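**Q** Below you will find the structure I want to go over with you.
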Amino acid sequence: MANVYGFALKQGIGAPSEPAVTKTERVERGQVIAHCPEDKLGNNIHSSISGTVKEINETHIMIEPDDVQKAEYVELSSEAPLDRIREAGIIGLGGAGFPTAVKLSHRFEGKGTILINASECEPVLSHNIERTEKNPAEIIRGIELIMELTNATEAIIAIKGHHESAIAALTSKLPEKISIHKLPNIYPVGDERAVVRECLDILLDVDQLPLAADAIVINLETVFRVYQAVDLKKPLIDKDLTVAGKLVDSGAIKTYFDMPLGMKFSEVFDLAGGIGKEYGEIIEGGPFMGKRASLDNYLQKTTGGLIASEVFWNGPEKIGLLVCACGAHKERLSQIADSMGSEIAGVEYCKQAIEVKGTLKCTNPGICPGQVQKVMALKKAGAEAVLISNCTDCSNTVMSCAPKMKLPVYHATDGSMRACNLKLVRRMKSTT
Ligand code: SF4
């Protein structure tokens, strides 16, 4: 029997959705199974498969799939484009999960820019760039729809300059008012405020939204799903993702398109040929911002990557943590230190990491303010090595001082990068 699919009731920012089906009910692919609560921020959830509802609990709706699945889906019934996007349950698919219909309900008066975040900022993840190469015309159609909805005067696709074939695919189809901005190959150039800074030369304050720069930032896959909702009446039921790391095919980085939401992670890895005999942990997301996950979890709208990391290496007895606002936070670094068998000697934060409403934000993402004092403080606290989550530029700075203090450096991304045979985040060689 096929694996049961699990649809989380809480996906993205806002209130949990309310079940619209009952146990034993038959559902079709594309059918709404949970509604966004009235007058609340949230999103509708649709079934990605046809099958039978097996269970509804506090967190999930569980559906047993039919043996044979059709590609067809129950079409959206709304007429107006913004209503279709809302009905489709689209949220920010780069990981933020903010309801897209709410974001696109803003109408610019005068100048307004749509910034398409195609940076695919995290290493390893590659599905956004490949989607761009596969479907440039559909992505441009999605951008045009968004420009129309928001009355934007221009759109800029922000993409790293080394993705030459994706840029070439887009360039051959670009209409007037849509242009490309080439980003440097550094982390976190895909941070929302970094995208605004790079494309518009405006540095927003940590508590400012892109609207303060007359801009809306939207992730590339989200644009593609907007096109599908408006032109094809398709609800958000499928997801692009990257599966990588310690697979049977060790070190592989594989991309999957239109994977049905709700699929169990173990089944996704099986499709990728299976996990290798030994691995450290399962990471949901990218190497910098991903979280430890279980093989029993289910694909959600915000799942962009699944990585089986390298086996944990033994750390020193005492380790110091250096926390970045745009990378692994203290809790995640502590989890890695624990898996390395190291006790935490001290915790320091990059001085550009500022707490805003309970969340760390960087005042100028990716531009290093200097890390020597922080590393010295960790040495003074008794650290025999440092475990850092810093951006590319700050990791470079740490590497210029920590070895001189005889402190080995570990990075939160090491497990993912080693598992994919990629160069570790250490000294920066090039920004292009
Ligand atoms: S400057 Fe500091 S807080 Fe900002 S991205 Fe780099 S390490 Fe993180």
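Every number here is computed from the coordinates shown, using simple stated rules; none is lab data. On a predicted model such as this, the values are computed, not experimentally measured, just so you know. Glycine gets a Cβ as well: all are built from the backbone with ideal geometry, and neighbour counts include every protein chain shown.
**Q** If one computes the Cα centroid of the stretch 267-310 and of the stretch 48-109, what distance in Å separates the two points?
**A** Using only Cα atoms, the two centres lie 23 Å from each other.
**Q** Pairs 23/291; 10/423; 10/103; 134/361; 40/357: which exceed 24 Å Cα-Cα? Before the final figure, lay out each step's value.
**A** Values: 23/291 32 Å; 10/423 36 Å; 10/103 19 Å; 134/361 34 Å; 40/357 20 Å.
Result: 23/291; 10/423; 134/361 exceed 24 Å.
**Q** Quick one: plug the Kirkwood hydrodynamic radius of the stretch 331-371 (C-alpha pairs) into Stokes-Einstein at 37 °C, 0.692 mPa s, and report D in µm²/s.
**A** 272 µm²/s
**Q** Just to confirm my numbers, what's the Cα centroid distance between the stretch 366-422 and the stretch 316-340 in Å?
**A** Rounded to whole Å, the Cα centres lie 11 Å apart.
**Q** Another question, if that's okay. Kindly express, to the nearest 10 degrees and within the range 0 to 90, the angle between helix 136-150's C-alpha long axis and the longest C-alpha principal axis of the chain.
**A** 80 degrees
**Q** With contacts defined as alpha carbon pairs under 8 Å and 6 or more residues apart, what's the relative contact order of the chain in percent?
**A** Relative contact order of the chain: 14 percent.
**Q** What aspartates and glutamates could a cross-link reach from residue 404, if we take a straight Cα to Cα line under 15 Å and drop same-chain neighbours fewer than 8 places away?
**A** By straight Cα distance, residue 404 reaches 384.
**Q** Still on this structure, please answer the following. Aspartates and glutamates within cross-link reach of residue 301: Cα-Cα under 15 Å, excluding same-chain residues under 8 positions apart?
**A** Output for residue 301: 87, 221, 238, 240, 258, 284.
**Q** Mean-square fluctuation check for the chain, GNM, Cα pairs under 10 Å: which of 231, 414, 39 is largest?
**A** 39
**Q** Counting other beta carbons within 10 Å of each Cβ, put 150, 59 in order, fewest first.
**A** 59, 150
**Q** Sticking with this structure for a sec: With a ≥ b ≥ c taken as the square roots of the eigenvalues of the C-alpha gyration tensor of the stretch 81-232, please select rounded if a/c is under 1.5 and otherwise prolate if a/b is larger than b/c or oblate if it is not? All intermediate terms of the calculation are to be shown ahead of the outcome.
**A** Details: a/c = 1.35, a/b = 1.08, b/c = 1.25.
In terms of gyration-tensor shape, rounded.
**Q** Report the far tail of the P(r) of the stretch 1-91, meaning the percent of Cα-Cα pairs longer than 18 Å.
**A** Tail of the P(r) past 18 Å holds 43 percent of the pairs.
**Q** In whole Å, what is the distance between the alpha-carbon centres of the stretch 199-222 and the stretch 155-190?
**A** Result: 16 Å between the Cα centres.
**Q** Please arrange 394, 36 by how many other C-beta atoms lie within 10 Å of their C-beta, fewest to most.
**A** If I rank by nearby Cβ atoms, fewest first, I get 36, 394.
**Q** State whether the chain is rounded, prolate or oblate according to the following rule on the C-alpha gyration tensor (a ≥ b ≥ c being the square roots of its eigenvalues): a/c under 1.5 gives rounded; otherwise a/b larger than b/c gives prolate, and the remaining case gives oblate. Intermediate values should be presented prior to the final figure.
**A** Details: a/c = 1.84, a/b = 1.30, b/c = 1.42.
Oblate, because a/c is 1.5 or more while a/b does not exceed b/c.
**Q** Relative contact order for the stretch 238-308: what is it in percent, counting Cα pairs under 8 Å that are at least 6 residues apart?
**A** Computed value for the stretch 238-308: 40 percent relative contact order.
**Q** Give me 77, 266, 17, 334 ranked fewest to most by other Cβ atoms within 10 Å of their Cβ, as a rough exposure proxy.
**A** Least crowded to most crowded, the residues run 77, 266, 334, 17.
**Q** Under 8 Å for C-alpha pairs, at least 6 residues apart: give me the relative contact order for the stretch 323-432, rounded to a whole percent. Before the final figure, lay out the partial values.
**A** Values: 159 pairs, mean separation 28.2, N = 110.
Relative contact order here is 26 percent.
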